[in-house]
1. Quick check: anything in the range 258-265 closer than 19 Å to ILE301 by Cα, touching a residue at least 60 places away in the same chain (Cβ under 8 Å) and surrounded by 16 or more Cβ atoms within 10 Å (Cβ to Cβ)?
2. Tell me, please, whether a residue that is part of a helix (DSSP H, G or I), over 26 Å from LEU23 (Cβ atoms), of a type in the set (Lys, Arg) and modelled with pLDDT under 95 can be found in the range 153-164.
3. Are there any pairs, at least 6 apart or on different chains, whose C-beta atoms fall under 7 Å, with the first in the range 404-433 and without any contact (Cβ under 8 Å) to a residue 60 or more places away in the chain and the second of a type in the set (S, T, N, Q) and assigned to a strand (DSSP E or B), and if so, which?
4. Scan the range 10-66 for residues that are under 29 Å from the mean Cα position of the chain (by Cα) and either at positive phi or not assigned by TED's automatic domain parsing to the domain that holds ALA196 (or both) and jot them down.
5. Before we move on, is ARG398 free of Cβ contacts under 8 Å to residues at least 40 places away in the same chain and basic (Lys, Arg)?
6. Mind telling me which of the residues ALA11, ALA47 ends up being among the hydrophobic types (A, V, I, L, M, F, W, C), farther than 18 Å from ARG336 by Cβ and touching a Ser or Thr at 6+ places or on another chain (Cβ under 9 Å)?
7. Quickly run through the range 53-76 and pick out the residues that are assigned to a helix (DSSP H, G or I) and of a type in the set (A, V, I, L, M, F, W, C).
8. Criterion first (surrounded by 20 or more Cβ atoms within 10 Å (Cβ to Cβ), on the phi < 0 side of the Ramachandran plot and touching a Lys or Arg at 6+ places or on another chain (Cβ under 6 Å)) does ALA89 satisfy it?
Amino acid sequence: MLAAALRTRPAGLDQALALVDGLDDALLHGLARLDETRAAHLTALAAAFAGSPLAGPVAEATGKIIAGTVTDQHLAVLAGARSALLGAAHDTLLAGVDAALGRVREPWSAAPVPAAPGRPLAAGRSWLRELAIAGWRGVDTEVAAGGAQAVQALLADPSARRLAVLLDGFAAELRATAPVAALTPVPVRRWADLWARALLLCQDGFATTEAVAVDGRLLILGADLHEHPTVFRAQVHGLLETRGGGVRLVRASMAAAKVDTITGPSAWRMLAAFPLLRAALAGHRTVEVSGMPLTPGGDLIWHEARAAAGGPADPFATARVRLGAAIASSAPPLDRHPVAIAEPVLLEGYRATADSFDLGGTTLAVDVSRLPAAGPLTPALVAASTACLGLLRWEAGRWSVQPLAVQTLIGKKAVAVHTADWALGPTEARAAKAEAVAGTAVDVLRERAGRLLRK
């Protein structure tokens, strides 16, 4: 059934994405320079929302912008309409996968909690308006640097830290590529995603949701490792067996800042504040959690003090026995985007090649570019695998799977290899030797940083 779902393209998906592309094209060239083609894109966007609750605001906003008036309110409506289209695409894609897997997904019902008033959001809205008017092609070093003031103001407010980091990263990308007029190609969809998300978070009174405390046993399926020049993050996917007997899909993340010279297995050393979760990943063990906050979107806000080591549990056995009955959470409103889909799946009985799995006539791309340098899983092991625990993703208009673990043969011996097997250090001799040398540099940097802080 999954193979059939992956072959099926939902009705209306291409039309929705085409409307998003039209709006993104207008943002590329700038709302101050709308020609007939870009004006037609905005007109089509307004027509698509006719009969919806957003019909009036979208028609007014697009009409005013085409006429030459661009206000913060108009831009907020455009960002909301864009997010609604991508949210609809996300939902229809996920609905097909859920039906094929027999996965039950709880509807979104979290009560919104209004944000505290008085946050310094105006500067952020002003800079984002300037970007939209200039367009990505019109961004030079001066425009790109304009976000610094907004970021500084937001960083001073702990409740606005999420938005501050988003704007800071967006501004850094623009500064690194300015003047954008000379850039080929321009990451149009990515920058429009960042712009729209930031603009919605910049609205006064933007509501958030509260986490609830949960108890139970966490059965780990695998870890998605995010390696960037200045941060290392491990997002753990697993099943939470609650005290009441239910099983639900959850995620837990641990992250730390680093410098760009710390790469590969040495990056795990930056997560020294999470010894219990690292040990559970490396040893394939369960974790008992007590009073751990769980967001409505299925994210455990990890506290080592609220966790205890459990017994051994094979992730593949866990997936075969428990994954099919697990309840999934719906994505928070801002995370309803096709690129945010990352559904844990167990794949077996396929024929593997270097970059794809043949699922009985349906070819599923394998995203080996996401295999981390901090783990032992390699493209060769994936190509020789007989079973795969991974994340089903939708990117570039197609489904793909990101391997988190595989079962394969090494020297006629059946073994399982996981991305997080080196969470406590490499177990392969050559990698361990290299990591020991690199680890010395980590220790030196940490000691020097400690000195600076003491001074």
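The values are calculated or read from the model by the stated rules, or taken from the named source; none is laboratory data. These numbers were taken from a predicted model, which means no experiment stands behind them. Glycine also receives a Cβ, built like all others from the backbone with ideal geometry; neighbour counts cover every protein chain displayed.
1. Within the range 258-265, the first condition is being closer than 19 Å to ILE301 by Cα, and the residues that meet it are none.
Looking for residues that are closer than 19 Å to ILE301 by Cα, touching a residue at least 60 places away in the same chain (Cβ under 8 Å) and surrounded by 16 or more Cβ atoms within 10 Å (Cβ to Cβ), one finds none in the range 258-265, hence no.
2. Checking the range 153-164: at least one residue is part of a helix (DSSP H, G or I), over 26 Å from LEU23 (Cβ atoms), of a type in the set (Lys, Arg) and modelled with pLDDT under 95.
3. Between residues of the range 404-433 that are without any contact (Cβ under 8 Å) to a residue 60 or more places away in the chain and residues that are of a type in the set (S, T, N, Q) and assigned to a strand (DSSP E or B), the close pairs are VAL406/SER385; THR408/SER385; THR408/THR386; ALA414/GLN407; VAL415/THR408; VAL417/THR408.
4. Scanning the range 10-66 gives GLY12, GLY30.
5. Values: free of Cβ contacts under 8 Å to residues at least 40 places away in the same chain: yes; basic (Lys, Arg): yes.
Taking the combined requirement at face value, the residue satisfies it.
6. Working: ALA47 fails: touching a Ser or Thr at 6+ places or on another chain (Cβ under 9 Å).
Of the residues listed, the single one that is among the hydrophobic types (A, V, I, L, M, F, W, C), farther than 18 Å from ARG336 by Cβ and touching a Ser or Thr at 6+ places or on another chain (Cβ under 9 Å) is ALA11.
7. At the first step, the residues of the range 53-76 found to be assigned to a helix (DSSP H, G or I) are 55-67, 72-76.
Correct list: ALA55, VAL58, ALA59, ALA61, ILE65, ILE66, ALA67, LEU75, ALA76.
8. Numbers: surrounded by 20 or more Cβ atoms within 10 Å (Cβ to Cβ): yes; on the phi < 0 side of the Ramachandran plot: yes; touching a Lys or Arg at 6+ places or on another chain (Cβ under 6 Å): no.
Considered against the rule, which asks whether it is surrounded by 20 or more Cβ atoms within 10 Å (Cβ to Cβ), on the phi < 0 side of the Ramachandran plot and touching a Lys or Arg at 6+ places or on another chain (Cβ under 6 Å), ALA89 comes out as no.
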